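Heads up: the structure comes next, in structure tokens.
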């Protein structure tokens, strides 16, 4: 198994056809490691823009890529063919820091070539997620690459910043520090389900009669009395949550109950909060989490 650590730089360009912006790739960088995590090859190439004629000022400042650099590049299709040839017929997995680069390269293929899938993408791992799992850092935190380098005792300033190849090299070094024998478990085959999940947009359930709504959570039992609360303000949907007000018939305590059902590609996240209504209307959270 060969490891292809890839990084992209892109320019936010306005597409007149769709009246929207897209992230157009302007540089591709990658490093190839063998099974022993030894570097065997590097790839670096500018991509000549077809959409954005000039690089936005914030991208110039961040990457130091100039308009002349971009114009000196090769067309997207040519760079992708060159990249595919560079990978060759090896059994490989492509790794990126976060899945943003993979999303961008898929979107560029779809818009610029009409292809729905990436021809050289057979296996994939989000190395940011893998790194955080190995370092016991909550994956929701979205650790930046330079912070990750510091977390494993590296000096990120010894690497150049915000260029595709340089970021690939830094990502590769972070990967070396945490790769373990269980890595194969984190390799995703890039089948149809991979693409569907990658572009699935999570959404909160807004219809209280949806079969995804667990009605057993739409209730309240007084924490002190153990008595079932009385609904005094009916359930309504607001800001991703179903909300209601309950009163304990025993002690008279009133609370606001909020329940959210959020659909992800293959999971349903449920969250419930109970907030005490005080005399001065200052909310006091008394229950928070999964029911």
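Just so it is clear, none of the values below were taken in a lab; they were calculated from the coordinates. Since the structure is predicted, the reported quantities are computational estimates derived from the model, not experimental observations. Note: ideal-geometry Cβ built from the backbone for every residue, glycine included; neighbour counts use all protein chains shown.
Some observations on this one:
- Residue order, fewest to most surrounding Cβ atoms within 10 angstrom, among 263, 134, 19, 197: 19, 197, 263, 134
- Subtracting the Cα-Cα distance of residue 230 and residue 267 from their residue separation scaled by 0.36 nm leaves 10.2 nm.
- Whole-number percent relative contact order across the chain, with pairs defined as alpha carbons under 8 Å at least 6 apart: 13 percent
- Note on the range 129-198: Cα-Cα pairs beyond 17 Å make up 51% of the total pair count.
- Directionally averaged projected area (convex hull, Cα atoms, the chain), nm²: 20.5 nm²
- Taken as Cα centroids, the range 1-35 and the range 132-206 sit 16 Å apart, rounded to the nearest whole angstrom.
- Theoretical FRET efficiency, 1/(1+(r/R0)^6), r = Cβ-Cβ of residue 152 and residue 20, R0 25 Å, to 0.05: 0.05
- For the range 1-143, the relative contact order comes to 22 percent (Cα pairs under 8 Å, sequence separation of at least 6).
- Applying 0.36 nm per residue to the separation of residue 54 and residue 39 and subtracting their alpha-carbon distance, the gain on full extension is 2.0 nm.
- Residues listed by number, the range 257-272, amide nitrogen under 12 Å from residue 196 label point at 7 Å toward C-beta: 265-266
- Among 24-37, 238-251, the peptide with the highest mean count of other Cβ atoms within 10 Å heads the list, and the full ranking is 24-37, 238-251.
- Taking 0.36 nm per residue of separation and subtracting the Cα-Cα distance, full extension of the segment from residue 279 to residue 237 would add 12.6 nm.
- Taking 139, 127 and counting other C-beta atoms within 10 Å, the order from fewest to most: 139, 127
- Degrees separating the helix 76-87 axis from the principal Cα axis of the chain, which is the longest one: 80 degrees
- Kirkwood Rh (inverse of mean 1/r, distinct Cα pairs), the range 148-279, angstrom: 19.5 Å
- Take every DSSP beta bridge whose two residues both sit in the range 2-198; close to 75 percent of them are antiparallel.
- Estimated inter-spin distance, residue 204 and residue 250, nm [label 7 Å along Cα→Cβ]: 3.2 nm
- The alpha-carbon positions of the range 203-289 define a convex hull whose volume is 98 Å³ per residue.
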